[in-house]
Amino acid sequence: MKKIYHNSGMYITYSIQSGKSPYVIFLHGLMSDMHGTKAIAIGKHLSENGIGYIRFDCRGHGQSEGNFLNLELVIGLMMQA
């Protein structure tokens, strides 16, 4: 897993699966993470069809640090990846 850091020092973890554009970005639900069964199944289907896929753990979920906060901050960090 890769990490992207916020200027506060906290990070979120993410995974990028190569493929053709436009990429699909997966946003998990509350109290879930990027390793859930839906995220894995979607990734498998997209991979079989050559489509790029980005999934990440929101702050306070999975392997990401911190507490779940404003989703705009998380999306802003992912746009930098």
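Throughout, read-outs are computed from the coordinates displayed, never taken from laboratory work. Since this is a predicted model, take the numbers as computed values, not measurements. Heads up, the Cβs are rebuilt from the backbone with ideal geometry, glycines too, and the neighbour counts pull from every protein chain shown.
Protection proxy ranking for 56-64, 23-31, 10-18, using the average of other Cβ atoms within 10 Å per residue and placing the highest first: 56-64, 10-18, 23-31.
Quick check: the angle from helix 71-80's long axis to the longest principal axis of the chain, C-alpha only, nearest 10 degrees? Here the helix axis deviates by roughly 60 degrees. Counting only Cβ charges, +1 for Lys and Arg and -1 for Asp and Glu, the dipole size of the range 2-69 around its Cα centre is about 120 debye.
Residue by residue, the range 31-46 carries 3J(HN,Hα) couplings of 6, 10, 7, 6, 9, x, 4, 5, 4, 5, 5, 5, x, 5, 4, 5 Hz when phi is fed to the Karplus relation 6.51 cos²θ - 1.76 cosθ + 1.60 (θ = phi - 60°); x denotes Gly or Pro. Secondary-structure-derived ellipticity at 222 nm for the chain, considering helices only, amounts to -8000 deg cm²/dmol, per-run term -39500 (n - 2.57) for DSSP H runs with n ≥ 4. Taken over the chain, the convex hull of the Cα atoms encloses 82 Å³ per residue.
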